[in-house]
Every structure is written in C-alpha cells, then in structure tokens.
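Colleague: Have a look at the structure that comes next, please.
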Amino acid sequence: MTTSTGLSSGTTLPPFITYQQDQLMLEGVSLDRLTQEHGTPLFVYSRAAMLHALSAYQRGLAGRQHLICYAMKANSSLAILHTLVQAGCGLDIVSGGELERAMAVGVDPGKIIFSGVGKTRAEMRQALEVGIGCFNVESRAELDVLDEVARGMGVRAAVSVRVNPNVDAQTHPYISTGLKGNKFGIAHEDVLSTYQHAAQCQGLRVVGIDCHIGSQITQTGPYLDAMDRVLDLVQNIEAAGVRIEHIDFGGGLGIDYQGDNPPQADALWSALLQRLDARGFGDRKIFIEPGRSLVGNAGVCLTEVLYLKPGEQKNFLIVDAAMNDLPRPAMYQAFHRIVPVSPRANAAPMTWDVVGPVCESGDWIGRDRELAVQSGDRLAVLSAGAYCMSMASNYNTRGRAAEVLVDGNQAHLIRARESTADQTRLERLP
Ligand code: LLP
C-alpha cells in the first residue's frame, strides 16, 4: 500500500521533515530545490532538529550540574560542531584530528573530553597543551604513558577511568562496547586498583569515572544496569580515599530508523536520575557523550536515480549515492528509510533493491523497497545525519558529497563537493 505521497503506509518521517504540496521539505526548504542547486549525492541537515534533540537532554538534566559532550565522531563537520557548541555542548573527541576540529569551532577546551583506546603520546601532548577537561583512560598502560607525558610537560592530566561494566546493551555486536569480550574500558575487577594507582601518579589528577556500553540502544534497562555497576565502583573507590567528582555515562541512545522506539532522552534521564538519587550520588556532576541521538535524525542524504534495472530475481534501482557515502548498510546491515523527494502521484510502485555504483555486491542502501520511480527522480535516504558523512570514504575515487545546513527557510552550503584534485593533492609519482 502506498499513499498519495508515494510513501509506503506506516512510514513515518522524522521531526522537521514534511511533505508540502507533494514536495519533501526539511524545515522550510524544498529538498528538490537543493538538489538542483548543489547536485547529488547531497547531505542536508536541519539545525532545528539538532537543537530539538539536544533540548530533550537539557530538559532531562535541568537543575543538575552537567556537561553534554557531543560525540563528534557521529558527524564532525565544522558547521555541525559549531551549532552544537553554540548551544552549550562540550565535545567528546577520539583523535588529534578531532581535537583540531573542536578547537577550530571555538569550544572551551575545558569542555573537551578525550576518549578512545589508542591515544598516542603526540595526541596526549596536543590535548594537554590546549588544556582539555578530561582524558577518559582505557587501560593501565595508557594511564602510565599519560602520567609520563604530563610529568614531562610539568602538568597534571585530569583523568577518568573508563569502566567496562560487562552489561549487554542489546544492540548490533559491532557497536556493543560494554561487554567483557570488547576491547574497551578496564574490567570491573581491576578498576579499584587502577584508581589507587592513578591517585599516586604525579602527572595525573583523578576527576571522574566513565562508561559507554554501546550505540543505538533502545532500552532503559542496560543504562540502569551500567549505572548500578558504576556506582558500586564509585562507592569502593571513594571508600579507598579517592574522590570522584563527575560520573560520565557515555552516549549510545538510539534513534528511530525503522519503527525503533527508544526512550526519549528526558524520560531516560528522569529514570537514571531517580536511581542516582536513590543511591545517594545525586550531588555528582553528570557528563554524557551522545552522538547519534543528537544528529542522526537531523540529516538526510539526497540521491538521484540513475538507472532502473529490473531483473528476474531482483529489481535494482541504481542511484548515485553509494557505500562510500552511506557505509552503514554495508557495514552493519543497517536500515535507512528511503522516500521520494517529489513523489509521483498514482504511479504504481515496484519492489527495488536500491544500490550504488560501487563495484561490490555489498554496495546496497536499501533492500526490497516499494517505490514508484523513474530515472532522474531524487530520493531521500533518511536518518543519515550520524555516522554517514563522518565515515564516508573515497572508494572508487568517488569524491565525498557536499553538505548543506538548513535553518528555517535558509540553506547554507557547509561543505563543497570534493573534487578529484582534492583527492589526489597529496599523491606523487615516483
Ligand atoms: N562515547 C564513546 C566512548 C563512544 O565510543 C561512542 C560511539 C559515543 C560516545 C557515541 O555513541 P552514540 O551516542 O553515537 O551511540 N558507526 C556506528 C556507531 C559507532 C559508535 C562508536 N562509538 C554506526 O554507524 O552505527
């Protein structure tokens, strides 16, 4: 069943995306107009949608000392960072490159936290030079190197130890991070001794504790379990005389890709704060590191239908976006809704596999989709604000897409389309 807009019945659109006079709009901007101006593939983001998503966290944490550090790996384009930083966010970074992007948008370095299992000495120095707020340390070996680097610079690095709470976030195995078999964090049973050690290090200053159990989490239970595990540790650590000023619960809250029904950020935090208060830790500063839930449903990827290729077993719709632009289906069998930008009223839909031009069978964007389309039509791949552009590659020497940020009825080009010259700039013949 399709509706007059060409949408399969039951398809819902994320906030700020609507059909008006049979034209797909993001806020007040026609997406068809943007494809004419900027070509395809094209990522388009809504400022209002990002701020709307952020406001749910702000409501949930209102009245508490807190810091929302946007996990910029989800989408590190400067204009996106700038939007969230202007709205009060700190940033969660995982590399020296992300640190430079963070500094480029003028974030207060005290509001930067540095996560990741493999920080190099050079990255540690770089972060200490600008004076970041906290290192989330993931191993005893890393702790010792950080101590040495900081002492060498005559400073003390603020540290938090990332705990692996061994809880199942019940999400895709590639994006589950809080289980014993994962490379992340320090095992529960080794955390106390790690803090006792850190407290003795001249180059370190213990400030917090953190955990992050996975991504695209759609239930409250795993968060509550992780909180309990972390608070048990805080009790033990403080009993041993080391004060924990802030507790960082990571990111991971899921979004609706395909009828998923994750808790709203404010409802999640009301449940978590209740537990925090009940356990007597309501006075602690709370840090969080949301990525996907701030930007995922604020973005779409627009693509043009190149060819219709009906076949005996499968009908293929070949579009000009590919796995280099939208890597999530190929990597995680992820689902993104795909809808027409200018629906064809009364055209009969067919079932299509929507695929890109890259020379891999894994290059698909959506399977078995009901769409009424012809070549030259534009489609919008929804929920493409997170982990798409930031994971894009140049595979098949495809330039990365352009990006536009919409604000009301204004549209700003925030990244020009990458040329082949941009791609080959660093290459030399022998
Ligand atoms: N904090 C840490 C330490 C993380 O490793 C991550 C994500 C986040 C915060 C943010 O998580 P979020 O709120 O975005 O779920 N590429 C995958 C997702 C990888 C997530 C990696 N870590 C995907 O496209 O589904």
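No lab work stands behind these numbers, since they all come straight from the coordinates. Note that the structure is predicted; figures quoted are calculated from it, not measured. All Cβ positions, even for glycine, are placed from backbone atoms using ideal geometry, and neighbour counts span all protein chains on display.
Colleague: Report, in deg cm²/dmol and to the nearest 500, the calculated mean residue ellipticity at 222 nm for the chain, where each DSSP H run with n ≥ 4 adds -39500 (n - 2.57) and the sum is divided by the residue count. Mind showing how you got there, number by number?
Modeller: Numbers: 12 runs with 124 residues, N = 430.
Helix-only estimate at 222 nm: -8500 deg cm²/dmol.
Colleague: Does the stretch 284-379 come out rounded, prolate or oblate by the C-alpha gyration tensor, with a ≥ b ≥ c the root eigenvalues, rounded set by a/c under 1.5 and, if not, prolate when a/b is larger than b/c and oblate if not? Walk me through the numbers on the way to the answer.
Modeller: Details: a/c = 2.65, a/b = 1.82, b/c = 1.46.
It comes out prolate by the Cα gyration axes.
Colleague: Here's another thing I want to ask about it. Can you give the Rg/Rh ratio of the chain, where Rg is from the C-alpha atoms and Rh is the Kirkwood radius?
Modeller: Ratio value, two decimals: 1.00.
Colleague: Let me ask another. Where Rh denotes the Kirkwood radius from the mean inverse Cα pair distance, what is Rg over Rh for the stretch 123-195? Don't skip to the answer; put the middle values down first.
Modeller: Numbers: Rg = 14.2 Å, Rh = 13.4 Å.
With Rh from the inverse mean 1/r over Cα pairs, Rg/Rh is 1.05.
Colleague: Still on this structure: For the stretch 115-290, just run the numbers: alpha carbon Rg, then divide by 2.2 N^0.38 Å, N being how many residues it has. Intermediate results must be reported in sequence, preceding the final value.
Modeller: On the way: Rg = 16.2 Å, N = 176, 2.2 N^0.38 = 15.7 Å.
After normalising by residue count via 2.2 N^0.38 Å, the value is 1.03.
Colleague: With charges set only on the Cβ (+1 for Lys and Arg, -1 for Asp and Glu), what does the dipole of the chain come to about its Cα centre, in debye to the nearest 20?
Modeller: The dipole magnitude comes to about 360 debye.
Colleague: Once you charge only the Cβ atoms, +1 for Lys and Arg and -1 for Asp and Glu, what is the size of the charge dipole of the stretch 86-197 about its Cα centre, to the nearest 20 debye?
Modeller: Values: 11 positive and 14 negative charges, 11 e Å.
Charge dipole of the stretch 86-197: 60 debye, to the nearest 20.
Colleague: I've got another one for you. Checking the a/c ratio against 1.5 first, then a/b against b/c, what shape does the Cα gyration tensor give for the stretch 15-109? Provide the component values of the computation, followed by the final result.
Modeller: Numbers: a/c = 3.32, a/b = 1.52, b/c = 2.19.
Judged from the Cα gyration tensor, the stretch 15-109 comes out oblate (a/c at least 1.5, b/c at or above a/b).
Colleague: Would you list which lysines come within 18 Å of residue 119, measuring only between C-alpha atoms, while excluding same-chain residues fewer than 8 positions from it?
Modeller: Reachable lysines: 73, 183.
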